Amino acid sequence: MTTTALPSALLSGSHVTDAGLETDLVFNQGIDLPEFAAFPLVEDADGAARLATYYADFVAIARRAEAGLLLETPTWRANPDWATRLGYDAARLDRANRAAVALVRRVQDGADVDAKVVGIVGPRGDGYVAGERPDADEMAGYHASQVASFAAEGVDLVHAMTMTTPEEAIGVVRAARAAGLPVMISFTVETDGLVPDGSALSAAIARVEAEAAPDWYGVNCAHPTHLAPALDGGAWQERIVGLRPNASTMSHEELDAMEVLDAGDLGLLRSSLDGLRAGLPNLRVVGGCCGTDATHVARLWGV
């Protein structure tokens, strides 16, 4: 596979990003999130204030780390299928996605670090289960409305997280390109290093590269020890710039069944992520995912 040069200077240097927003809200703050969706919080003053406080912790981490910051919108569930379950029509969903951008932009305006606003796209289905193999063009059309909301509000880039198939990732890239936005694709992997659809991570990235290459790749919602088996030393690893690991070493299936939070082992999280760095020479964006909070992200940055 021929690698693609990293674009411009948008993600030059190191960048902190946030943690497992939804698990932090549910398990640490006792907030009910129907359908595991955080985006409805942007619609009322109390919810917006709680989100702003959450993001402020990562501004502080970026300051201490002397790094940039990616302020990623709380919109992982803010797509048509999940929003419909919550009673949203298209117009209200558009307003919510725009309000989410406005919220993190207010954090950006008050931050004393170099912060960028990122529009987060999540999977159409369950982020732990691949389901039926989708059509890439259908996925482009499906995700276009959310990406358009982000574009209208002037985000710096789009980041699709917890991708379980290359087809959906291709669709998101096509939607972002149509909107004129840079885009990052983060796959998740199982404990054996495979993408949930059974693909090797290298093969999934190769497929996306061949059909609709994004600007950057990442991996999220998997412990570093789960990513390790996927790394074969190939040139494709140079395309990975971001990691947002889970705190727990449990499988996705085990985590789905949990009724209490597994906050993991901070020492193992840090050491196992550090162990990946030699194979990921362009790693520059580090945050957390399920089970992590600001404490985990601070430990990963050594601050």
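Values as computed for the structure displayed
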read-out	value
Some residue of the range 247-254 being of a type in the set (D, E, K, R) and buried (at least 19 other Cβ atoms within 10 Å of the Cβ)	no
For G267: the one exception among (1) without any contact (Cβ under 8 Å) to a residue 40 or more places away in the chain; (2) under 19 Å from the mean Cα position of the chain (by Cα)	(2)
Residues being surrounded by 15 or more Cβ atoms within 10 Å (Cβ to Cβ) and in a helix (DSSP H, G or I) - total across the range 36-51	9
Lone unmet requirement of (1) closer than 21 Å to R64 by Cα; (2) out of contact with any Leu (no Cβ under 9 Å at 6 or more places or on another chain); (3) surrounded by 15 or more Cβ atoms within 10 Å (Cβ to Cβ) for G267	(3)
Residue list for the range 235-258, restricted to those being in contact with a helix residue (DSSP H, G or I) (Cβ under 8 Å, 6 or more places away or on another chain), of a type in the set (A, V, I, L, M, F, W, C) and either assigned to a helix (DSSP H, G or I) or farther than 18 Å from G287 by Cβ (or both)	W236
Lone qualifier among D135, D232, D197 - being touching a residue at least 60 places away in the same chain (Cβ under 8 Å) and either farther than 21 Å from L21 by Cα or crowded, with 24+ Cβ neighbours inside 10 Å (or both)	D197
The listed residue being at pLDDT below 95 and in a loop (DSSP other than H, G, I, E, B), out of R133, R77, R124	R133
Members of the range 1-32 found to be at pLDDT 90 or above, of a type outside the set (A, V, I, L, M, F, W, C) and more than 18 Å from V59 (Cβ to Cβ), listed by number	E22, T23, N28, Q29, G30, D32
Residue check, P166 in contact with a strand residue (DSSP E or B) (Cβ under 6 Å, 6 or more places away or on another chain), farther than 26 Å from D89 by Cα, at pLDDT 95 or above and not β-branched (V, I, T)	no
Any hit, the range 288-302, residues being surrounded by 18 or more Cβ atoms within 10 Å (Cβ to Cβ), more than 20 Å from N28 (Cβ to Cβ), in contact (Cβ under 8 Å) with a residue 24 or more places away in the chain and not small (G, A, S)	no
Those residues of the range 231-248 which are acidic (D, E) and over 17 Å from D192 (Cα atoms), in sequence order	E238
Output for the range 185-194, where each listed residue is on the phi < 0 side of the Ramachandran plot, without any contact (Cβ under 8 Å) to a residue 60 or more places away in the chain and crowded, with 19+ Cβ neighbours inside 10 Å	I185, S186, F187, V189
Hits in the range 66-102 (condition: among the aromatic types (F, W, Y) and buried (at least 23 other Cβ atoms within 10 Å of the Cβ))	W76
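The values are calculated or read from the model by the stated rules, or taken from the named source; none is laboratory data. Note that the structure is predicted; figures quoted are calculated from it, not measured. A quick note on method: Cβ atoms are made from the backbone with ideal geometry, for glycine too, and the neighbour counts reach across all protein chains shown.
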